[in-house]
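Participant: Here it is, the structure in full.
The values are calculated or read from the model by the stated rules, or taken from the named source; none is laboratory data. Treat the numbers as computed from the prediction; the structure is a model and nothing was measured. Virtual Cβ from ideal backbone geometry, glycine too; neighbours counted across all protein chains shown.
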Amino acid sequence: MKRGILYVVLLTICAIPLHLPKTYAQDAETACYDAGKIWDYETQECIVFSGMVIDIQYPIEYAAYPFAKAAIDEFIAELEDYYFSFMLDDSDLAFFIPYAWEAIATYTIYDLNPSIQTLVYNLYDYTGGAHGNGYYFTMTFDLENERILSLEDVFAPNANFLPTISALVRADLSARLVEMSDPEWIASGTSENIDNYQDFVLTPEGILFLFEPYQVAAYAAGPQESLVSWDALDGLVADNIVPTPSTREATVVDEQSCLNVNMIFDYESQACKFYKGYIYRAVYPLELANAPTALAIVDEFLAQQEAELLAFMTSEEWQLFLPAPHESHSTYTLTHYDDNIFTLVYETYTYTDGVEGDFYYTTFTFDQDGQLLTLEDVFLPNADIVSIVAPLIDAQLSAYGLGWVDENARNDLNSYRNFALLPQGIQFFLDPDDVGASVEGSPQILIEWEALNGTTQFGA
């Protein structure tokens, strides 16, 4: 069951500062990096973070052309495989700033004539560093003959077109870039190498050549383009490359048309999209720097959280019907029973599909040696824990109009595993699905020590 915005139904945690002495003398940011984590300057928190978003507009205009659709689908699949394989295979991958890696693509269609069209993908990706990068991917379709045209196909057989193109493009870019590049850089990016001209667009005015940042100039100059007119290519062009007015009508894009090609309909942009992404973020407890045993348990928990989210992203069960990433966000609160025993309470929000996400708690209660305490450690030996706590919790649930949905959950000790020891008593964090809380929130039930009637090894 999905739950909306979390609010505390019952008593909130008493957030008393942890009395463990901090052993790190350096500031929190340095301590965070020393722990191999990321410092979030905006929130001033030490975090564990990773994320990837692939957001590609899908040209539904070519759904009726199997050869074109197959080429587009292959391009998207290769892009997806590249990014996610990189994420999965590089075990040493580290993020130094809390931003998701991104691959975002929008497209434009240019008509040479009713039969020949060029699809231009404008891509932006960010994989760390000071800035992202932009690049192009183009495909020119001959819809009548059901084939993809290469640059060689645009010209007559045996036409020596590269010297003409190279000279014209080099002169154009040199005149416009001036101090933003240098002659050697431009010469290299516009040499008579056909690989330099793979990103081309057939337009009624001529061939528009696209150049990514760094190909002919520095990143600061941005991507470049150069138009070579048809008149300048007179005598070199193939007979079927004839600019004529296009009669193409606008394609209707709606949810059903997107579903027909297994894509997502983005209501905001009114476009079909291939969308896949995840974001994992968890605040890291630097306060446990002097408790390595406890910290190792937390590290294992966070690593498992992240691994489960990423595994879900690449599983056959994955599905998403909205252009929004699968997410997991965890924050924590530290409370203490006394100077030696403390509880780390992680509150996690997850979103994997649908309209709303889920909230749940995971708690860790540690003794002075950093050893994990269970409910069995809290109660006296051989105590029937469920029979002791269940009636007390039932009474509080009833007061708030809640109750156990499944009697088996009520009678299962695992339903009570998330707890915190406080000076006042034991605070239990229940699964909202188990007690019918739904959108009302995640119940936190405080059972005072007096009500436990000497059944525990702890007390006020």
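Participant: If the requirement is being buried (at least 17 other Cβ atoms within 10 Å of the Cβ) and closer than 30 Å to GLY277 by Cα, which of these qualifies: ASP172, ASP199, ASP142?
Facilitator: Just a single option satisfies the conditions, and that option is ASP199.
Participant: Kindly establish whether GLU225 is within 25 Å of the chain's Cα centre (by Cα), surrounded by fewer than 18 Cβ atoms within 10 Å (Cβ to Cβ) and assigned by TED's automatic domain parsing to the domain that holds ILE60.
Facilitator: No.
Participant: Also: Hey, ALA451 hits all of (1) surrounded by 18 or more Cβ atoms within 10 Å (Cβ to Cβ); (2) within 27 Å of ASP339 (Cα to Cα) but one; which does it fall short on?
Facilitator: (1)
Participant: Can you tell me which residue within the range 241-254, out of those that are in contact (Cβ under 8 Å) with a residue 12 or more places away in the chain and either assigned by TED's automatic domain parsing to the domain that holds SER315 or under 24 Å from LYS69 (Cβ atoms) (or both), is nearest to the chain's Cα centre (by Cα)?
Facilitator: VAL253
Participant: Still on this structure: Can you name every residue in the range 214-260 that is more than 30 Å from ILE186 (Cα to Cα) and small (Gly, Ala, Ser)?
Facilitator: SER246, ALA250, SER257, listed by residue number.
Participant: I've got another one for you. Which ranges mark the strands (runs of 3 or more DSSP E) fully within the range 82-149 that have 2 or more residues being modelled with pLDDT under 95?
Facilitator: Correct list: 101-111, 116-126, 133-142.
Participant: Identify all residues within the range 49-81 that are small (Gly, Ala, Ser) and either under 19 Å from PHE141 (Cα atoms) or at pLDDT 90 or above (or both); write none if there are none.
Facilitator: Hits for the range 49-81 are ALA63, ALA64, ALA68, ALA70, ALA71, ALA77.
Participant: State all residues of the range 245-261 that are polar (S, T, N, Q) and modelled with pLDDT of 90 or more; if no residue qualifies, say none.
Facilitator: GLN256, SER257, ASN260
Participant: Could you pull out the residue among TYR267, TYR349, TYR284 that is loosely packed, with under 14 Cβ neighbours inside 10 Å and under 21 Å from the mean Cα position of the chain (by Cα)?
Facilitator: Among TYR267, TYR349, TYR284, only TYR267 is loosely packed, with under 14 Cβ neighbours inside 10 Å and under 21 Å from the mean Cα position of the chain (by Cα).
Participant: Does any residue of the range 318-331 turn out to be buried (at least 17 other Cβ atoms within 10 Å of the Cβ) and under 16 Å from PHE428 (Cα atoms)?
Facilitator: no
Participant: Taking the condition crowded, with 21+ Cβ neighbours inside 10 Å, hydrophobic (A, V, I, L, M, F, W, C), without any contact (Cβ under 8 Å) to a residue 60 or more places away in the chain and not in a strand (DSSP E or B), does ALA187 pass?
Facilitator: no
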